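Below: the structure, in structure tokens.
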Amino acid sequence: MGRTPASMIPQPVSTSPAFYTPREFAALFGRERRWAIRRLEDGTIQARKVGREFLIPADQVEAFLRAMER
């Protein structure tokens, strides 16, 4: 029997979302949604506004976590 091409091997699916709502972002830190909105307003984190909601990219969450570790 031949080898299976690497492109045919199932890859693990990330369980982390690509974007977080302010409520989800705040929950990661045990805070309220308003705390996350203040981080958006003061420019600490960047987000995209989709309709009436802000969406915070996962890379912004990771950068925020790294900054907190310093």
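Got at least one residue in segment 52-59 being part of a helix (DSSP H, G or I) and touching a residue at least 24 places away in the same chain (Cβ under 8 Å)?
If we filter segment 52-59 for residues that are part of a helix (DSSP H, G or I), which is where we start, we get 58-59.
Now restrict to residues that are touching a residue at least 24 places away in the same chain (Cβ under 8 Å): 58.
Yes: one or more hits.
Take the residues in segment 53-70 that are farther than 18 Å from ALA27 by Cβ and among the acidic types (Asp, Glu); name whichever of them is modelled with the highest pLDDT.
ASP59
Mind telling me which of the residues ARG38, ARG31, ARG23, ARG3 ends up being in a loop (DSSP other than H, G, I, E, B), modelled with pLDDT of 95 or more and out of contact with any Ser or Thr (no Cβ under 7 Å at 6 or more places or on another chain)?
Values: ARG38 fails: in a loop (DSSP other than H, G, I, E, B); ARG23 fails: in a loop (DSSP other than H, G, I, E, B); ARG3 fails: modelled with pLDDT of 95 or more.
Only one candidate passes the filter, namely ARG31.
Within segment 28-70, track down each residue that is in contact with a helix residue (DSSP H, G or I) (Cβ under 8 Å, 6 or more places away or on another chain), under 18 Å from PRO17 (Cα atoms) and aliphatic (A, V, I, L, M).
LEU28, ALA36, ILE45, ALA47, ILE56, VAL61
Within segment 41-51, which residues are part of a strand (DSSP E or B) and open to solvent by less than 90 Å² (accessible area, probe 1.4 Å)?
If we filter segment 41-51 for residues that are part of a strand (DSSP E or B), which is where we start, we get 48-50.
The answer is VAL50, and nothing else.
The values are calculated or read from the model by the stated rules, or taken from the named source; none is laboratory data. What you see is a predicted model; the values in this text were computed from it and never measured. For neighbour counting, all protein chains shown are included, and Cβ atoms are generated from backbone atoms with ideal geometry for every residue, glycine included. Just so you know, the surface numbers come from the protein's heavy atoms only, side chains and all, with ligands and any DNA or RNA stripped out. Shrake-Rupley method; radii C 1.70, N 1.55, O 1.52, S 1.80 Å.
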